[in-house]
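Colleague: Please read through the structure below; I'll follow up with questions.
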Amino acid sequence: MPDVKTTFIDMFRIIFMLYLTLNVSSVYAKDTLGIALGQGYSAPYISAIDPFGLAATSGLMLNDQIIEIGHVSISFKSQAKAFLNLKSPGKPYIIVIKRNGTLHAITIDPHRAPKIWSRLQSTDPFAACYFSPSVQCIKSFVEKPMHKDPQTRFRNYYSVINDLVKLEQMADAQALLSEMQILFYQLPQDANMNIAALIEAMALFGQQPTEKMAVFVYQNMSKTFLFSLFSQAELFAKYGNLKAAGVFLDPLISLAKNDPDHLKDDAAAFGRALAATNNHQIIEFHVQNKHHKSEWKNKLLQEALLYHLKNEQQESADKVWKIIFGTPRSWTDEDYLSYVRLFRKMHNLDAAQHMINKMQTHYQSLSEGDKSIFQSLAAGRLIRAYGANGNIHQAKLLINQYFATNPLNHMMALVVEVANSKNSRGIALQHFKDLSVLLEDTHKRLKTASNSQRRQLKASELEAFYQVQAAYLNTNLTLQEVSGYKLSKFAHEKIIDSLLEVRKHEQALIWTDYVNSELGKSYKYGTIFASFGSSSTSKQIENLKRHPKFPEYNQRFYRHHLKRLYWNGYLDDAQKLFNKLSENEKRNAVLSQIPYVVNCNKCNL
């Protein structure tokens with residue numbers, strides 16, 4: 001089990017610091033959560049929800065990303081299921097989720113008083129169906145894709161078919177799938193982009209992709225962008241046709257054997273594709289190949305392992321695990337460090353400590369003779385490993401021993417590693433009691449550093465450090481402070497993510513305005529306006545309405561604020577806001593009510 005110390009004080013502190021505002025109930029609070037989970041890039045998310053189940057009663061919503069359960073970081077569906085099944089019946093516990101980029105702490109409490117979902121009448125047919133949903137009225141708003149542009153029409157097919165399947169209108173959905181399949185072959189130039197939607201639509205009917213589809217995509221796509229080829233192989237394998245996946249992967253396997261350098265930048269994608277097709281022998285072959293660098297091998301292995309874990313393929317994951325530890329090869333401290341990070345995500349603390357022990361042995365072996373000049377380099381990597389494992393005290397001892405005269409870059413690295421050891425930097429700053437002290441000390445040193453010291457800092461180190469600084473609730477990171485470092489647009493937007501995560505909405509908007517005007521068009525406005533709608537205060541909302549971008553993005557704000565009002569039972573306010581939606585947003589809002597009129601067959605928790 002993870003080494004997490006849980007107290008009631010900690011629980012209330014997280015709730016207080018994250019400004020928890022949700023308090024939603026439902027009419028029939030069941031003993032079960034009433035959710036299904038999907039696997040996102042870094043954490044599981046709620047892929048289906050019963051609006052009358054315990055999860056919805058407590059305030060969880062569709063598409064919420066699960067970050068923690070009971071103070072334990074969650075990275076995989078299997079972890080979430082295990083922890084939710086372990087929770088004692090009748091006792092409340094906390095789930096921390098991310099919604100529109102912002103953290104929420106939700107208390108799952110079986111004793112919460114149920115709420116009645118009132119039905120409101122309206123002369124507006126959209127509003128009437130939204131506030132008094134039924135299969136009949138919702139179906140009337142499902143429109144067949146009719147756009148004149150065939151590519152736009154194709155993109156619309158999947159969502160319409162998906163809605164019809166949820167409404168159990170299978171004949172209508174099957175007819176549209178047939179149309180979608182015909183249109184797919186009429187758009188060869190877009191086959192590479194369109195295939196995923198078609199395969200997912202077929203999966204709704206239990207159908208697998210065909211080899212004919214794979215050959216059509218392969219013949220009409222560029223072969224120079226290897227990542228796309230690997231992705232298609234992974235896609236066809238994921239949905240059950242390994243032979244079709246081979247259309248994309250087999251030529252690349254041959255290429256990798258004959259010319260390993262050709263794949264030097266594609267280890268991660270190669271690893272996922274090999275895992276998806278169960279080509280573990282090929283993985284082992286490349287791990288044994290002395291031509292490949294150690295870093296390349298570990299990217300291959302780690303992505304393969306992550307693929308199996310994300311898809312709950314434990315038997316296949318065990319095969320990769322055996323290759324990692326059973327295949328003779330050279331290891332570097334950087335290799336060990338990367339596995340410390342990975343094993344922490346897997347909750348395998350023994351394996352993480354084993355990697356640290358290997359690093360400690362190497363570090364100690366450099367204490368004599370000519371090798372001693374390399375000990376400080378090994379110490380630097382060991383500091384990061386301690387940080388990735390949450391051992392701030394041990395890391396600081398090494399910093400004081402080797403880098404007392406100029407500790408700044410190692411302190412920054414330690415801050416970043418500790419913060420990234422949790423699934424949220426904001427949560428890490430609350431969880432690790434010494435991290436905020438370390439962060440403040442490091443920030444003070446950075447602000448007073450000499451020009452020569454600052455020139456020694458890498459851009460990547462500064463970017464990562466400021467992402468943590470932005471998530472610290474006790475300080476406001478200003479644009480003026482970072483302006484002298486000429487950080488990239490990408491770095492600015494990662495800082496915006498940190499600000500938004502801990503509900504610094506107005507700061508996030510200021511930073512986005514700067515990026516948009518000085519560094520190029522920013523695509524953060526949509527997420528920020530959605531987050532304002534789902535989690536900001538009344539005063540913040542009034543300020544937002546005066547922002548020059550509000551007319552352009554107000555529908556994103558309205559969409560998520562409506563959902564917040566509705567699920568919290570403020571139906572009169574919700575009805576007033578509904579009238580401000582565009583017709584297209586009203587239609588989407590009506591379709592979002594499908595869970596209220598059909599059984600959630602996928603809700604298995």
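The values are calculated or read from the model by the stated rules, or taken from the named source; none is laboratory data. Please read these numbers as outputs of a predicted model, since none were measured by experiment. Neighbour counts run over all protein chains shown; Cβ positions are idealised from the backbone, glycine included. In case anyone asks, the SASA skips ligands and DNA or RNA and just uses the protein heavy atoms, side chains included. Shrake-Rupley method; radii C 1.70, N 1.55, O 1.52, S 1.80 Å.
Colleague: For Leu565, work out the one condition from (1) open to solvent by less than 60 Å² (accessible area, probe 1.4 Å); (2) free of Cβ contacts under 8 Å to residues at least 60 places away in the same chain; (3) closer than 18 Å to Ser424 by Cα it doesn't fulfil.
Modeller: Unmet condition: (3).
Colleague: Going through Gln186, Gln169 one at a time, which residue ends up being free of Cβ contacts under 8 Å to residues at least 40 places away in the same chain, touching a helix residue (DSSP H, G or I) at 6+ places or on another chain (Cβ under 9 Å) and surrounded by fewer than 15 Cβ atoms within 10 Å (Cβ to Cβ)?
Modeller: Details: Gln169 fails: surrounded by fewer than 15 Cβ atoms within 10 Å (Cβ to Cβ).
One residue alone meets the criteria, Gln186.
Colleague: Every residue in segment 197-215 that is crowded, with 18+ Cβ neighbours inside 10 Å and out of contact with any helix residue (DSSP H, G or I) (no Cβ under 6 Å at 6 or more places or on another chain), please.
Modeller: Ile199, Met202, Met213
Colleague: Another question, if that's okay. Among the residues in segment 536-545, are any in a loop (DSSP other than H, G, I, E, B), open to solvent by less than 40 Å² (accessible area, probe 1.4 Å) and within 30 Å of Asp573 (Cα to Cα)? Even if it seems obvious, please write down each step before you answer.
Modeller: Going residue by residue through segment 536-545, those that are in a loop (DSSP other than H, G, I, E, B) are 536-537, 545.
Add one more test, that the residue is open to solvent by less than 40 Å² (accessible area, probe 1.4 Å), and what stays is 536.
Retained after the next criterion (residues that are within 30 Å of Asp573 (Cα to Cα)): 536.
The answer is yes; a qualifying residue exists.
Colleague: Next question. Could you grab me the full set of residues in segment 197-219 that are among the aliphatic types (A, V, I, L, M) and in a loop (DSSP other than H, G, I, E, B)?
Modeller: Scanning segment 197-219 gives a single hit, Leu204.
Colleague: With open to solvent by 30 Å² or more (accessible area, probe 1.4 Å) and basic (Lys, Arg) as the only criterion, which of Lys504, Lys489 stands out? Write out each step before concluding.
Modeller: Values: Lys504 fails: open to solvent by 30 Å² or more (accessible area, probe 1.4 Å).
Every option except Lys489 fails the conditions.
Colleague: Identify all residues within segment 133-157 that are touching a helix residue (DSSP H, G or I) at 6+ places or on another chain (Cβ under 9 Å) and of a type in the set (D, E, K, R); write none if there are none.
Modeller: Answer for segment 133-157, where residues must be touching a helix residue (DSSP H, G or I) at 6+ places or on another chain (Cβ under 9 Å) and of a type in the set (D, E, K, R): Lys139, Glu143, Lys144, Arg153, Arg155.
Colleague: Also, quick follow-up: State all residues of segment 223-240 that are assigned to a helix (DSSP H, G or I) and of a type in the set (Ser, Thr, Tyr); if no residue qualifies, say none. It would help to see each step written out before you state the result.
Modeller: Taking segment 223-240 as the starting set, the residues that turn out to be assigned to a helix (DSSP H, G or I) are 226-238.
Hits for segment 223-240 are Ser228, Ser231.
Colleague: May I ask you to verify whether Tyr130 is over 30 Å from Leu183 (Cβ atoms), surrounded by 15 or more Cβ atoms within 10 Å (Cβ to Cβ), in contact with a helix residue (DSSP H, G or I) (Cβ under 6 Å, 6 or more places away or on another chain) and of a type in the set (Phe, Trp, Tyr)?
Modeller: Judged against the criteria, Tyr130 is a match.
Colleague: A follow-up question, please. Sort out which residues of segment 136-164 are open to solvent by 50 Å² or more (accessible area, probe 1.4 Å) and assigned to a helix (DSSP H, G or I), and write them in order of number.
Modeller: Correct list: Gln136, Lys139, Arg153, Arg155, Asn156, Tyr158, Ser159.
Colleague: Considering Ser132, Ser122, which residue is among the hydroxyl-bearing types (Ser, Thr, Tyr), modelled with pLDDT under 95 and within 17 Å of Trp567 (Cα to Cα)?
Modeller: Ser132
Colleague: Would you point out which residue out of Leu429, Leu408 is open to solvent by less than 40 Å² (accessible area, probe 1.4 Å), touching a helix residue (DSSP H, G or I) at 6+ places or on another chain (Cβ under 8 Å) and either without any contact (Cβ under 8 Å) to a residue 24 or more places away in the chain or farther than 26 Å from Ile74 by Cβ (or both)?
Modeller: Answer to the check: Leu408.
Colleague: Within segment 226-250, how many residues are surrounded by fewer than 21 Cβ atoms within 10 Å (Cβ to Cβ), over 25 Å from the mean Cα position of the chain (by Cα) and either touching a residue at least 12 places away in the same chain (Cβ under 8 Å) or within 14 Å of Asp265 (Cα to Cα) (or both)?
Modeller: 4
Colleague: Quick check on this structure: which one of Ser582, Ser592 is under 19 Å from Thr123 (Cβ atoms) and of a type in the set (Ser, Thr, Tyr)?
Modeller: Ser582
Colleague: If you don't mind, another one. Have a look at Ser159, Ser118 and point out the one that is among the hydroxyl-bearing types (Ser, Thr, Tyr) and in contact with a Gly (Cβ under 9 Å, 6 or more places away or on another chain).
Modeller: It is Ser118.
Colleague: If you don't mind, another one. Determine which member of the set Met202, Met213 is of a type outside the set (Asp, Glu), more than 16 Å from Thr277 (Cβ to Cβ), modelled with pLDDT of 95 or more and within 27 Å of the chain's Cα centre (by Cα). Reasoning before the result, please.
Modeller: Details: Met213 fails: within 27 Å of the chain's Cα centre (by Cα).
Checking each option against the conditions leaves just Met202.
Colleague: In segment 446-483, which residues are open to solvent by 30 Å² or more (accessible area, probe 1.4 Å), in a helix (DSSP H, G or I) and within 21 Å of Pro407 (Cα to Cα)?
Modeller: Lys447, Asn451, Ser452, Gln453, Arg454, Arg455, Ala459, Ser460, Glu461, Glu463, Glu481
Colleague: State the number of residues belonging to segment 507-522 that are hydroxyl-bearing (Ser, Thr, Tyr) and open to solvent by 50 Å² or more (accessible area, probe 1.4 Å).
Modeller: Residues in segment 507-522 being hydroxyl-bearing (Ser, Thr, Tyr) and open to solvent by 50 Å² or more (accessible area, probe 1.4 Å): 2 in total.
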